[in-house]
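The values are calculated or read from the model by the stated rules, or taken from the named source; none is laboratory data. Worth saying up front: this structure is predicted, and the values here are computed from it rather than measured. Backbone-built Cβ (ideal geometry, glycine too); neighbour counts: all protein chains shown. The protein model used for the area step is the full one, side chains on, heavy atoms only, and it has no ligands, DNA or RNA in it. Shrake-Rupley method; radii C 1.70, N 1.55, O 1.52, S 1.80 Å.
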Amino acid sequence: MEQYARVKAEHPDAFLFFRLGDFYEMFFEDAVRGTQLLGLTLTSRNRQDPEPIPMCGLPWHQRDAYVARLLRLGHKVAICDQLEDPASAKGLVQRGVTEILTPGSVTSDQFLDPAANNYLAVVWPEAERAGLCLADASTGEVRLLELGWQEAADSMSRVRVAEWVTPETSDLDAAIAERLERALRGLPGARSPVPAARFRDASLPRARWPAEIGGFEDMPAALIAAAGALDYLDRMQGGRSRQLTRVERWREEDVLRYDAATERHLELFHPQPGGEAQHTLWHHLDLTVTGLGARRLRSWLARPLLSSASLARRHDAVERWLGAGERRAEFRERLRGFPDLERLAARVACARATPRDLGALRDGLARLPAFAESLAWMAEAAEEAKAALAGIPELETLLARALTPEPPPVSREGGVIRPGFDAHRDSLDDLAHSGKRWVAELESSERARTGIASLKVGFNRVFGYYLEVTRPHLAKVPPDYQRRQTLTTAERFVTPDLKARESEILGAEEKLKAREHELFVELRERAAAFVPELQRAADALATLDTEAALAEVASRGGWVRPRIEDSDRLLLEGARHPVVERLLPRGEFVPNSVLLDGRTRQILLVTGPNMGGKSTYLRQVALAVLLAQAGSFVPAERAEIGLVDRLFTRVGAADRLGARQSTFMVEMQDTADILRSATPRSLVLLDEVGRGTSTYDGLALAWAVTEFLHSAAGPRPRTLFATHYHELTQLAETLPRLRNVQVTVKEWGDQVVFLHRIAEGAADRSYGIHVARLAGLPAAVIERAREVLRELESERTVEHLEARRGGSRKAPGAEGATPQQALFAAVSHPVLDELRALSPETLTPLEALNRLAEWKKRLGEGA
């Protein structure tokens, strides 16, 4: 227990798995928390003491399953192993921590999602800026970026992070610490604060990556964060993290940016609460057949491009695969089940690869040349990929000669090295096997010598080899037999010759295992020299898998290649929602078109009934843009997309109760961010802005937001604004770049048919009561709602609304007139007689006001 206490004191923030024989044990607070989190049985050590020690344990071979559960919960685990054989130990068995496992530092497949990067995010905060280093220990990738706090917070919220490493707040200025805490608040991922001194060695990245970071001198905070990342991973892995070699500078100005709220609203990777995986874009887009391809596709979707030249190369590649249907199918089938070269290479580099890993590497290398040959039809377009996939004959031959056909998962138990690879290993193997043959022959010779036909030779770990004689034959036991164990029905003996042979056999077996482990370590070190070539091959396969998968998606869905322009135009003809279309029976989804133009058609105000499809329409436009700029084809008949620099969505309702923010506060914060950050190249989607407060406050805010987005002093982004505030449709009269579009319906008696078709013009009703009836509200409630609606649409209600609006919307000379008279006075045309013939029963004044824009169009310009 003193030994345990010393080790635990060195790792107070980790669960300590302490090896005792065939079990890993936890004690004290670790045991109490471990039983709660892992469902283990809590027991105690030294139960006779007044204060027994809480204890729980798990079999050694189940360790990784329990470690994985703790890592998923955001905890660290320190593995304390026995460093010597207990059988040969003198006194207390020597123990020490051999591994520290944290959510962001693990490299083993059983702890990782094959389709996603496992980022350790290290943040170095300063007064005005923050440096961020994203390091994936499982792939060797490092991403560096340095941004102002607002942009840094957006980027941090958008990256999927397993663990955050930051300076301890007590080491920071109070204002900087508050900014850091605000940026990290609510973000998923374990938190691992470390002393700020751990970041101070800024020379570490320069020493480790002299060639890669030559142009990074303008981002000193990011280099300090990188120093912290290297220091942390070196300590967690117990040595230099040599796999971190692929360093890249992330420039936010090179990609289409969107925040975590947009990712949630569009359900890119995760469904909304209560939803299912099939509701996400990722579920339908990820047709890759390897883990490294899935990670590449995810990175493309997470960071869509802003370069038309780079996008053209991606679209060209998808188009090539799309036109090669049979070759594409053959390639994808050949690639299916291919080992994850990227993560294998990382484990080789940091000396974490197992014999089974090297076996998978050997098998993968043997298959590489066939991939290069299968790309011959691409000619020059695939020259770089073919070169990367030509194979590594030297490494493949070495691994094939050295490893057994089915290497074991661990290197210390033997069975790793193929006979004939090493003469010393073979001599030890011969000695061990000859001794076993002697033991096997001993049974028959001793039966003949003693006349005991039932005599058996056996082995156990306590007594070693023995001769077992049943009780009826004990009288025949010769004098050189030495009794070792008495059983109920037999006795066990040894002889001097048997003990001598046992020492030779067991000594040879232990030496054989030690030699094989030594050879395996040497083999792994030799393989590490080829890591750059392995990473190039992995990179080529990841890209090919992604391109072929996107072509497969386009082929199955009838998607088209988008035309990318450097303009403020956005045209989609016959566009479809890539997820909703797949969830409906074939042919039931209604396609729609959209045209936005920053000069003449900047804002589309979308009105129409509940359940009509407004939100789907907004989302499918956003998804088409994201897909196009990720390098994918899009679900439409035609697509012309002016590059979008930022995508903003204010769709759906959600609160943040933990941060004491109501639904309306969240809505206003999101809207404020849009108004502050949008540019003329941005795309903004607004759905029901203002609905979380009173009708008039909400209408006023929605009105002001629309005017600001349109104004010369405002950002003037391309905008889709869905609303039930029909008064907003009047803005088309005063805002020249705003157009009204509506979701159409068909009425049959008291029934409503949703056509889900977008048409020009403004809707005059929302049909909320019809939707409520469809939802199953009681008939009495529905009828009462209709009565109230008729009262609200009465003339008095219209007068009240006009009074709240003020006189600015009344026609000249109409002061003091009733709303209906004011309406008539606004029209100077023979159609006035037609309007006078209408009564409130035929057309209510409110409906007439909402249709005023349509009537003015009928009357002609200047009416």
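The numbered conditions (1) more than 33 Å from the chain's Cα centre (by Cα); (2) closer than 25 Å to Val194 by Cα; (3) assigned to a strand (DSSP E or B) are all true for Cys56 except (2). Selection of region 688-702 for residues being under 18 Å from Ala261 (Cα atoms) and either at pLDDT 90 or above or surrounded by fewer than 17 Cβ atoms within 10 Å (Cβ to Cβ) (or both) yields an empty set. Per the listing Pro193, Pro188, the residue uniquely open to solvent by 40 Å² or more (accessible area, probe 1.4 Å), in a strand (DSSP E or B) and either farther than 30 Å from Leu647 by Cα or without any contact (Cβ under 8 Å) to a residue 60 or more places away in the chain (or both) is Pro193.
Scanning region 388-421 for residues that are free of Cβ contacts under 8 Å to residues at least 60 places away in the same chain and polar (S, T, N, Q) gives Thr397, Thr404. In this structure, Cys56 qualifies as touching a residue at least 24 places away in the same chain (Cβ under 8 Å), in contact with a Gly (Cβ under 6 Å, 6 or more places away or on another chain) and farther than 18 Å from Val165 by Cα.
Here is a yes/no grid of residues against (1) touching a strand residue (DSSP E or B) at 6+ places or on another chain (Cβ under 6 Å); (2) not in a helix (DSSP H, G or I):
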| residue | (1), (2) |
| --- | --- |
| Leu709 | yes, no |
| Lys746 | yes, yes |
| Val752 | yes, yes |
| Ser766 | no, yes |
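Taking region 149-175 as the range and being open to solvent by 10 Å² or more (accessible area, probe 1.4 Å) and within 23 Å of Pro195 (Cα to Cα) as the test, the residues that pass are Trp149, Ala153, Val161, Ala162, Glu168, Thr169, Ser170, Asp171, Leu172, Asp173, Ala174, Ala175. Applying a threshold of 7 Å to beta carbon distances and a minimum spacing of six or more residues, or different chains, the list of pairs starting in region 674-693 at a residue that is free of Cβ contacts under 8 Å to residues at least 40 places away in the same chain and ending at one that is part of a loop (DSSP other than H, G, I, E, B) and buried (at least 24 other Cβ atoms within 10 Å of the Cβ) reads Ala678/Pro717; Thr679/Pro717; Ser682/Val644; Ser682/Pro717; Val684/Pro717; Glu688/Thr723. Restricting attention to region 711-723, the residues that are open to solvent by 20 Å² or more (accessible area, probe 1.4 Å) and either among the aliphatic types (A, V, I, L, M) or touching a strand residue (DSSP E or B) at 6+ places or on another chain (Cβ under 7 Å) (or both) total 2.
The residue of region 387-445 that is surrounded by the most Cβ atoms within 10 Å (Cβ to Cβ), among those that are among the polar types (S, T, N, Q) and assigned to a loop (DSSP other than H, G, I, E, B), is Ser411. Selection of first residues in region 498-519 that are farther than 18 Å from Leu399 by Cα and of second residues that are open to solvent by 40 Å² or more (accessible area, probe 1.4 Å) and at pLDDT 80 or above, restricted to Cβ pairs under 7 Å at least 6 apart or on distinct chains, gives the following pairs, ordered by first then second residue: Arg501/Trp438; Glu504/Leu431; Ala508/Leu431; Lys513/Arg412; Lys513/Glu413. Looking for something under 27 Å from Ala152 (Cβ atoms) and at pLDDT below 85 - is there at least one such residue anywhere in region 678-687? No - not one qualifying residue is present in region 678-687. Applying the criterion of being charged (D, E, K, R) and in contact with a helix residue (DSSP H, G or I) (Cβ under 8 Å, 6 or more places away or on another chain) to the residues of region 196-215, the residue that is surrounded by the most Cβ atoms within 10 Å (Cβ to Cβ) is Arg208.
Considering each residue of region 746-764 in turn, at least one proves to be modelled with pLDDT under 90, open to solvent by 40 Å² or more (accessible area, probe 1.4 Å) and touching a His at 6+ places or on another chain (Cβ under 7 Å). Of all residues in region 725-744, those that are within 21 Å of Asn592 (Cα to Cα) and either open to solvent by 40 Å² or more (accessible area, probe 1.4 Å) or at pLDDT below 85 (or both) total 2. Considering the conditions (1) in contact with a helix residue (DSSP H, G or I) (Cβ under 9 Å, 6 or more places away or on another chain); (2) not in a helix (DSSP H, G or I), Lys90 is excluded by exactly one of them, (1).
Within the span defined as region 565-587, every residue fails to be open to solvent by 70 Å² or more (accessible area, probe 1.4 Å) and in a strand (DSSP E or B). Annotation note: of Leu604, Leu596, Leu627, Leu618, the sole residue that is buried (at least 17 other Cβ atoms within 10 Å of the Cβ) and either in contact with a helix residue (DSSP H, G or I) (Cβ under 6 Å, 6 or more places away or on another chain) or within 24 Å of Glu319 (Cβ to Cβ) (or both) is Leu627.
Evaluation of Leu244 against the conditions (1) in contact with a helix residue (DSSP H, G or I) (Cβ under 9 Å, 6 or more places away or on another chain); (2) at pLDDT 90 or above; (3) at positive phi shows that the sole unmet condition is (3).
Every test in (1) modelled with pLDDT of 90 or more; (2) over 29 Å from Arg461 (Cα atoms); (3) not basic (Lys, Arg) is passed by Asp49 save one, and that test is (1). Out of curiosity, is Gly364 assigned to a helix (DSSP H, G or I) and out of contact with any His (no Cβ under 8 Å at 6 or more places or on another chain)? Criteria met by Gly364.
Restricting attention to region 446-486, the residues being more than 27 Å from Ser88 (Cα to Cα) and in a loop (DSSP other than H, G, I, E, B) number 9.
Pairs linking a residue in region 224-241 that is surrounded by fewer than 23 Cβ atoms within 10 Å (Cβ to Cβ) to a residue that is part of a loop (DSSP other than H, G, I, E, B) and aromatic (Phe, Trp, Tyr), with Cβ atoms under 9 Å and 6 or more positions apart or on different chains, do not occur.
Residues that are open to solvent by less than 50 Å² (accessible area, probe 1.4 Å) and part of a loop (DSSP other than H, G, I, E, B) were ranked within region 59-86; the one that is nearest to Val161 (Cα to Cα) is Gly74.
Within region 350-386, if we keep just the residues that are open to solvent by less than 10 Å² (accessible area, probe 1.4 Å) and of a type in the set (Gly, Ala, Ser), the residue that is farthest from Ala324 (Cα to Cα) turns out to be Ala353. Of the residues that sit in region 196-222 and are in contact with a strand residue (DSSP E or B) (Cβ under 7 Å, 6 or more places away or on another chain) and not charged (D, E, K, R), which one is farthest from Met156 (Cα to Cα)? Checking each candidate, the answer is Trp209.
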